[in-house]
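Undergrad: Once you've had a glance at the structure underneath, I'll fire off some questions.
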Amino acid sequence: QFDAADRSLETAHRISRERGDTDLERAALRSIGLLRWYEGLHGEALVLTEDALAIDRATGDDLAVAGDLANICSILRSLGDYGAALARIEEALAMPVLADDSRTLVYALHKEASVHRSLGNLDRALTILRMADDITKSHLLPIQRSFHLTSIAHLELEQGHVESAIGAYEEAIDFSRRARHAEGLVHALRTLGEVLFGFER
């Protein structure tokens, strides 16, 4: 329901400007940018997210800056500008603030892996995802771990490592169940089902 979402977010953005509330303004810009990305309006999404990034830089919110850079990476990847996408995510990953926020760190690593996958660098993408998997394991982040395991399984399958892929899908299902993460569980079950069907199992 993009139109309804757009009306609500534009109202939030207008109120934030009227009140001079920069926290609300950057949140509204970030959300409108995400909406545009879902709509396939990647150019508009980029401009809006860059505006949110500018506010975060001005206010010195390094963690928000890192998150915006990761979002911009995704948008640039959708636009096919892989070099610029890598530059943005590498900037985020170099920020010291990520050392104290494992969730944002693994989110950024996942974005970096996605760009390498788009470039055909599957081994590099797998290395990064396994690094993220180790972080989620050591910081007890089962929901994030199930997400990374599913992506690892996709890449293993793409490289022809069928049994390793199935094992990773099964791990993702297990962690989603333990975390009671319904969306992740549905995604992992559906994907594994499709894979097994494809191999007539």
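The values are calculated or read from the model by the stated rules, or taken from the named source; none is laboratory data. Quantities reported herein were computed from a predicted structural model and do not represent experimental measurements. Note that each Cβ is placed from the backbone with ideal geometry, even for glycine, and that neighbours are counted across all protein chains shown. Note: accessible area is taken over every heavy atom of the protein model, side chains too, but ligands, DNA and RNA are not part of it. Shrake-Rupley method; radii C 1.70, N 1.55, O 1.52, S 1.80 Å.
Undergrad: How large is the helix-only mean residue ellipticity at 222 nm for the chain, computed as the sum of -39500 (n - 2.57) over DSSP H runs with n ≥ 4, divided by its residue count, in deg cm²/dmol to the nearest 500? Walk me through the numbers on the way to the answer.
TA: Values: 10 runs with 167 residues, N = 201.
That comes out to -28000 deg cm²/dmol.
Undergrad: Can I ask one more? May I have the extent of the alpha carbons of region 2-60 along their three principal axes, as whole Å values ordered from largest to smallest?
TA: Principal-axis extents of the Cα atoms in region 2-60, largest first: 30, 21, 10 Å.
Undergrad: What angle, in degrees between 0 and 90 and rounded to the nearest 10, separates the Cα long axis of helix 2-19 from the longest principal axis of the Cα atoms of the chain?
TA: For 2-19 against the chain, the angle is about 40 degrees.
Undergrad: Then there's this: Quantify, in whole percent, the carbon and sulfur part of the accessible surface of the chain (1.4 Å probe; protein heavy atoms only).
TA: Solvent-exposed carbon and sulfur of the chain make up 53 percent of the total.
Undergrad: Assuming 0.36 nm per residue, please report the length gained on full extension of the stretch Phe199 to Glu44 beyond their Cα-Cα distance.
TA: Values: separation 155, 0.36 × 155 = 55.80 nm, distance 4.15 nm.
Full-extension gain reported as 51.7 nm.
Undergrad: Taking the chain as the reference, fit the longest principal axis to its C-alpha atoms, fit the long axis of helix 42-59 to the helix C-alpha atoms, and give the angle between the two in degrees, 0 to 90, nearest 10.
TA: That helix lies at roughly 70 degrees to the long axis.
Undergrad: Evaluate the charge dipole of region 24-174 about its Cα centre and quote only its size in Debye, nearest 20, assuming +1 on the Cβ of each Lys and Arg and -1 on the Cβ of each Asp and Glu. Provide the component values of the computation, followed by the final result.
TA: Numbers: 13 positive and 24 negative charges, 23 e Å.
Charge dipole of region 24-174: 100 debye, to the nearest 20.
Undergrad: How high is the FRET efficiency between Asp134 and Glu170 when r is their beta carbon distance and R₀ equals 22 Å, given to the nearest 0.05? Don't skip to the answer; put the middle values down first.
TA: Values: r = 19 Å, r/R0 = 0.85.
Efficiency, from the Cβ-Cβ distance: 0.75.
Undergrad: Looking only at Cα atoms, what is the convex hull volume of region 55-154 per residue, in Å³?
TA: Working: hull volume 9.3 nm³, N = 100.
Normalising the Cα hull of region 55-154 by residue number yields 93 Å³.
Undergrad: On a full-extension model of 0.36 nm per residue, what is the gain between Arg190 and Ala4, subtracting their alpha-carbon distance, rounded to one decimal in nm?
TA: 64.0 nm
Undergrad: Could you give each residue of region 117-122 its phi-based ³J(HN,Hα) in whole Hz, using Karplus coefficients 6.51, -1.76, 1.60 with θ = phi - 60°, and x for Gly or Pro?
TA: The phi angles translate into 5, 5, 7, x, 8, 5 Hz.
Undergrad: Turning to a different aspect of this structure: Assuming R0 = 22 Å, what is the FRET efficiency of Ala182 and Gln159, from their Cβ-Cβ distance, to the nearest 0.05?
TA: Numbers: r = 30 Å, r/R0 = 1.35.
Here the calculated transfer efficiency is 0.15.
Undergrad: Take each of the peptides 2-9, 100-107, average the number of other beta-carbon atoms within 10 Å over its residues, and list them starting from the highest.
TA: Per-residue mean Cβ counts within 10 Å order the peptides as 100-107, 2-9.
Undergrad: With the other protein chains left in place, how much accessible area per residue, in square angstrom, belongs to the chain at a 1.4 angstrom probe?
TA: 53 Å²
Undergrad: Here is a further query. Could you check how many percent of all C-alpha pairs in the chain are farther apart than 21 Å?
TA: 59 percent
Undergrad: If you build a Gaussian network model of the chain, linking Cα atoms that sit under 10 Å apart, which residue out of Ile32, Ile15, Ile128 swings the most?
TA: Ile15
Undergrad: What does the charge add up to near Gly198, with Lys and Arg as +1, Asp and Glu as -1, over the other residues with Cβ less than 15 Å from its Cβ?
TA: -3
Undergrad: Given the convex hull of the Cα atoms of region 1-102, what is a quarter of its surface area in nm²?
TA: Taking the Cα atoms of region 1-102, their convex hull projects to 6.7 nm² on average.
Undergrad: Please determine, in degrees from 0 to 90 and to the nearest 10, the orientation of helix 182-198 with respect to the longest principal axis defined by the Cα atoms of the chain, where the helix direction is its Cα long axis.
TA: Rounded to the nearest ten degrees, it is 40.
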